[in-house]
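J.: One structure follows; several queries about it will come next.
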Amino acid sequence: MAAGLQLLLWPGAVQTLFLDPEFVGHEGALIRIIGMTVAVIGWFYFFGGRAGGRQIVAASILDRVILVPLVLVPTALAGVFPHLLLTFAVLDPILGLIAWYSLS
């Protein structure tokens with residue numbers, strides 16, 4: 001949730017953290033959309049965890065381990081925000097596996 005909020009509020013973090021070149025078009029708006037999406041998903045996970053529902057963890061594991069890399073890696077390899085998307089493609093499955101381990 002925090003990473004999403006950071007991208008939503010400061011899309012220039014992509015240049016600062018990943019040393020990417022400056023935006024030439026409307027990429028900043030796209031980074032804000034990615035940030036909003038990640039923040040909302042984090043919000044759902046946070047409140048799902050606070051509610052004590054184990055189902056939200058179980059339901060998200062396959063998406064995080066299979067679907068996220070399956071979509072983000074080819075998109076990043078096509079040159080679309082490669083550093084940001086590859087970071088999410090690696091971190092999210094790892095966090096999903098940690099959640100799976102914690103669930104069991």
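The values are calculated or read from the model by the stated rules, or taken from the named source; none is laboratory data. Just so it is clear, the structure is predicted and the values come from calculations on it, not from any experiment. Methodologically, a virtual Cβ is constructed for each residue, glycine included, from the backbone with ideal geometry; neighbour enumeration extends over all protein chains shown. Quick note on the areas: whole protein, heavy atoms, side chains included, nothing else; ligands and nucleic acids left out. Shrake-Rupley method; radii C 1.70, N 1.55, O 1.52, S 1.80 Å.
J.: Looking at 92, 63, which one is under 20 Å from residue 3 (Cβ atoms), open to solvent by 40 Å² or more (accessible area, probe 1.4 Å) and either touching a strand residue (DSSP E or B) at 6+ places or on another chain (Cβ under 7 Å) or acidic (Asp, Glu) (or both)?
T.: Just a single option satisfies the conditions, and that option is 63.
J.: Conditions first: (1) part of a loop (DSSP other than H, G, I, E, B); (2) among the small types (Gly, Ala, Ser); (3) closer than 25 Å to residue 96 by Cα. Residue 48 passes all but one, so which condition is the exception?
T.: (1)
J.: Can I ask one more? Regarding the range 43-51, can at least one residue be identified that is surrounded by 13 or more Cβ atoms within 10 Å (Cβ to Cβ) and among the basic types (Lys, Arg)?
T.: no
J.: Further, regarding this structure: When only residues in the range 55-102 that are small (Gly, Ala, Ser) and modelled with pLDDT of 95 or more count, which is farthest from the chain's Cα centre (by Cα)?
T.: 78
J.: Let me confirm something: among 80, 71, which residue is part of a helix (DSSP H, G or I) and among the β-branched types (Val, Ile, Thr)?
T.: 71
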